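> Could you have a look at this structure, given as structure tokens, before my questions?
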Amino acid sequence: KFDRYRFYNESIRRQLFLEKDIESCMGSALENKEFKVYYQPKVDLKTNQIVCSEALARWQKADGTVIPPSDFIPVFEKNRTIPQLDQYVFESVCVWLRKLLDEGKPVLPVSINVSRLQFCNMDFVETYAGIKKSYAIPDGLLEIEFTESVMFDNWERLTSIVDQLHSCGFACSIDDFGKGYSSLGMFKNLNVDVLKIDALFFHNLETEEKDRLLVESIIQLVRQFGVKTVAEGIETREQIEILKHMRCDYIQGYVYYKPMPQKEYEKLLLQLFPLCAQEAVTVCPV
Ligand code: C2E
Ligand code: MG
Ligand code: MG
């Protein structure tokens with residue numbers, strides 16, 4: 001018993017040490033551009049083509065080690081610095097899209113995660129719209145992903161923010177639907193474009209009929225509200241076939257692509273769409 005107590009204590013101490021370390025490095029990491037944006041393509045189930053991607057933050061330390069978001073995001077949320085990272089990722093995406101547009105390379109829409117704290121920031125829409133404008137990013141190329149927890153206690157604000165974002169040329173999605181306290185009732189008033197259904201719904205899709213019924217009902221219901229569906233965390237061909245049958249719109253999962261560095265994604269787009277940027281955008285709008 002005594003041994004166990006000591007072990008528990010030691011692991012907490014190590015965890016706190018790690019958190020302190022991550023916390024103290026954030027400022028310099030931002031300055032030194034140690035945060036990188038990876039891109040994970042989303043594939044249209046009807047055409048099997050990439051239609052857009054999600055921007056995902058990675059922390060690449062000077063020694064080359066890559067820290068996943070699960071290690072640093074909870075720390076930044078706890079010390080309330082996450083909005084800085086969100087904005088950094090957003091601006092990095094704008095910089096990259098501008099570069100591709102200037103070079104006449106193919107571009108597709110990109111979705112960006114926004115934390116609960118960023119959402120609570122009163123200047124949020126103005127700031128993001130300002131950055132979009134300063135890089136002259138065309139409407140329809142940027143999508144903001146809100147986790148379902150944001151609408152929980154501030155439902156009216158979310159509705160108003162989505163409307164404001166729409167008027168500034170952004171698309172909006174609800175991320176991780178089903179992970180927390182989601183309600184399908186929200187689609188009555190909320191004018192979002194995309195619903196991202198959490199991976200947990202798909203783990204037993206092949207074996208559990210109730211899971212299949214649940215997913216199919218969600219997809220069918222929100223389609224009637226004009227909302228597109230993305231299935232997250234898809235890893236098998238069997239899952240793809242089932243989702244195709246259910247008429248899910250897009251797949252984001254390792255079965256197609258893992259998140260990849262910017263350069264790699266850029267190369268992939270060039271291979272798949274050896275056309276000019278404008279054409280690629282019109283082929284696959286959000
Ligand atoms: P998310 O926004 O739901 O992003 C999807 C996560 O699922 C990504 O994890 C992605 O790598 C992972 N994923 C995609 N397909 C598969 C699959 O087939 N199998 C498995 N096992 N995983 C899959 P990642 O990149 O580790 O990010 C985790 C979470 O961190 C994200 O979940 C998002 O909530 C958060 N995050 C990442 N970047 C940012 C950011 O810039 N700002 C904020 N606020 N949060 C971010
Ligand atoms: Mg997301
Ligand atoms: Mg998600």
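The values are calculated or read from the model by the stated rules, or taken from the named source; none is laboratory data. If you're wondering where the values come from, they're calculated on a predicted model, not measured in any experiment. No Cβ is skipped: glycine too gets one built from the backbone with ideal geometry, and neighbour counts run over all protein chains shown. Just the protein is used for accessible areas: all its heavy atoms, side chains included, with ligands, DNA and RNA removed. Shrake-Rupley method; radii C 1.70, N 1.55, O 1.52, S 1.80 Å.
> Which of the three applies to the chain, rounded, prolate or oblate, going by the alpha-carbon gyration tensor with a ≥ b ≥ c and a/c under 1.5 meaning rounded?
rounded
> Determine how large the accessible area of residue 200 is when every protein chain is in place; take a 1.4 Å probe and give Å² rounded to the nearest 10.
Spelled out: residue 200, probe radius 1.4 Å, area about 80 Å².
> Please return the longest range in the chain lying between exposed loop sites, taking trypsin sites (Lys or Arg not before Pro), DSSP loop only, at most 15 other beta-carbon atoms within 10 Å, and leaving the sites out.
81-246
> Output the antiparallel fraction of DSSP beta bridges having both residues in the chain, as a percent to the nearest 5.
Antiparallel bridges: around 40 percent, rounded to the nearest 5.
> On to the next question. Quick one: go through region 214-229 and flag any residue whose amide nitrogen is under 19 Å from the point 7 Å out along the Cα-to-Cβ line of residue 188.
Inside the label zone: 218-227.
> Residue by residue through region 119-128, which ³J(HN,Hα) values in whole Hz follow from phi under the Karplus form 6.51 cos²θ - 1.76 cosθ + 1.60 (θ = phi - 60°), with glycine and proline marked x?
The phi angles translate into 4, 7, 5, 4, 8, 3, 5, 4, 4, 5 Hz.
> Each residue of region 106-111 in order: what ³J(HN,Hα) in whole Hz does its phi give by Karplus 6.51 cos²θ - 1.76 cosθ + 1.60, θ = phi - 60°, with x for Gly and Pro?
x, 10, 10, x, 10, 9
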